[in-house]
Amino acid sequence: MKKLRIKPILLSLCAVILILSGCGTTKKKGTVGANGEKVVIRMANLVSDNNFLNVGYKKFKEVAEEESNGQIEVQIYSNGTLTPSEDIEYEMLQTGVIEVVTNAAFVVANNAQVNSYNIFDVPFLFSDETEMYKLTDGKYGEILKRDLESKSNAYYLGAYSIGSFAIANNKREVHEPKDLKGLKIRSTTTPLQSGTISAMGANPTPISYGEIFTSLQQGTIDGVQTTTPLIYADRFYEAADYLTLTRHFPLPHIMMINKDFYDSLTDELKAVVDKAASEQIAYARELAVKAEKEAIDSMKEQGVHVVEPTEEELDLFKKAVQPAIDKNIDKVGSENYKMALEILKKDK
């Protein structure tokens, strides 16, 4: 019988989890902070310290510490120092290893098994981020909150976009779906995202995010669909210098706090957390708009061939992806989809 060998990186991760989670003592509802003791809030992300996503985290830290007169201490673990993936971030939030995190909506949908979060993967549902916020900040946001809190140990604090999806490739300019024919485009395995790029004519190729740049260089893939700020920040444009601004999906990040931790706080500290989250979300929305514009402008300056599809060309993309929507709408839920269309005042 072979001995089970555990990789050192896994052992290290387990050690970090044990250290950060402490002894797992149960905290009574509404008691943490009642005696003026220090309250630590740990946040984690995968981006560099100066990335606009992490800059938003710093706003939470600033507001929480100031509004609590220093009673709350926020510790930010950026650059993947605590976790190598959003899936693990989500699990750490559930177990209380970290208290606050933002995850992509599709990560939440997959891990919490909540279909309502798949609405953001319906291609071309949103004309811009403003329309997306009509959902997250209104009646549909109540559905997101209810579903998350009923199926996980997390509270929904809000959402903000970190950019819109574009398609970068290293073969040719793409103006309409037929230009994607035969191209291997990196995609997640989520049915709507992979189904959309397939319906556009490309071959969806699921590889890990960390392998994208090398795979572009080696020809394992011909391109990638993700947000323009990510294409720029991770320098994918250096290996794929044709960029088409289809804006077929937004990429919302969902801000969440561990439910047990939040319940344990005094009402005063809950109010501080709520305010800090609200200000982070508002600030992050502004940062994302600036980051997207700067990314596109900077890539143009670097010589990237940027295609802004005409209305007629976009209509061809929209018609092409309808079968992907019809095939996968059960992943969203017909009632959720119907509500979203009603809120946005759009036809199917």
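Numbers for the structure displayed
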quantity: Any chance ALA276 is within 30 Å of THR31 (Cβ to Cβ) and out of contact with any helix residue (DSSP H, G or I) (no Cβ under 6 Å at 6 or more places or on another chain); calculated: no
quantity: Pairs, first at negative phi in region 56-72, second surrounded by fewer than 18 Cβ atoms within 10 Å (Cβ to Cβ), C-beta under 7 Å, six or more apart; calculated: LYS59/GLU279; VAL63/LYS275; VAL63/GLU279; GLU65/GLU73; GLU67/LYS275; GLN71/GLY36; GLN71/LYS38; ILE72/GLU65
quantity: Region 230-254: number of residues that are closer than 16 Å to GLU89 by Cβ and buried (at least 24 other Cβ atoms within 10 Å of the Cβ); calculated: 3
quantity: Single condition ASN203 does not satisfy, out of (1) touching a residue at least 24 places away in the same chain (Cβ under 8 Å); (2) surrounded by fewer than 22 Cβ atoms within 10 Å (Cβ to Cβ); calculated: (1)
quantity: Tally of residues being in contact (Cβ under 8 Å) with a residue 12 or more places away in the chain, crowded, with 16+ Cβ neighbours inside 10 Å, under 14 Å from SER116 (Cα atoms) and out of contact with any Ser or Thr (no Cβ under 6 Å at 6 or more places or on another chain) across region 133-145; calculated: 4
quantity: Single match in ALA284, ALA233, ALA277 (criterion: of a type outside the set (Val, Ile, Thr) and in contact with a Leu (Cβ under 6 Å, 6 or more places away or on another chain)); calculated: ALA277
quantity: Some residue of region 224-239 being charged (D, E, K, R), farther than 21 Å from ALA320 by Cβ and at pLDDT 95 or above; calculated: yes
quantity: Sole residue being crowded, with 19+ Cβ neighbours inside 10 Å, modelled with pLDDT of 95 or more, among the β-branched types (Val, Ile, Thr) and assigned to a helix (DSSP H, G or I), chosen from VAL63, VAL97; calculated: VAL63
quantity: Subset of region 224-253 (residues that are out of contact with any Lys or Arg (no Cβ under 7 Å at 6 or more places or on another chain) and within 11 Å of ASN170 (Cβ to Cβ)); calculated: PHE236, TYR237, GLU238, ALA239, ALA240, ASP241, LEU243
quantity: Among (1) under 25 Å from the mean Cα position of the chain (by Cα); (2) at positive phi; (3) among the small types (Gly, Ala, Ser), the one test that GLY303 misses; calculated: (1)
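Residue-wise test of (1) touching a Ser or Thr at 6+ places or on another chain (Cβ under 7 Å); (2) assigned to a helix (DSSP H, G or I).
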site	(1), (2)
PRO252	yes, no
MET256	no, no
ASP263	no, yes
ILE281	no, yes
GLU286	no, yes
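For (1) closer than 28 Å to GLU286 by Cβ; (2) polar (S, T, N, Q), each residue gets a yes or a no:
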| site | (1), (2) |
| --- | --- |
| ASN153 | no, yes |
| ALA159 | yes, no |
| ALA168 | yes, no |
| LEU180 | no, no |
| SER187 | no, yes |
| THR205 | no, yes |
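The values are calculated or read from the model by the stated rules, or taken from the named source; none is laboratory data. No experiment lies behind these values; they were computed from the predicted model shown. As a convention, Cβ positions derive from the backbone with ideal geometry for all residues, glycine included, and neighbour counts pool all protein chains shown.
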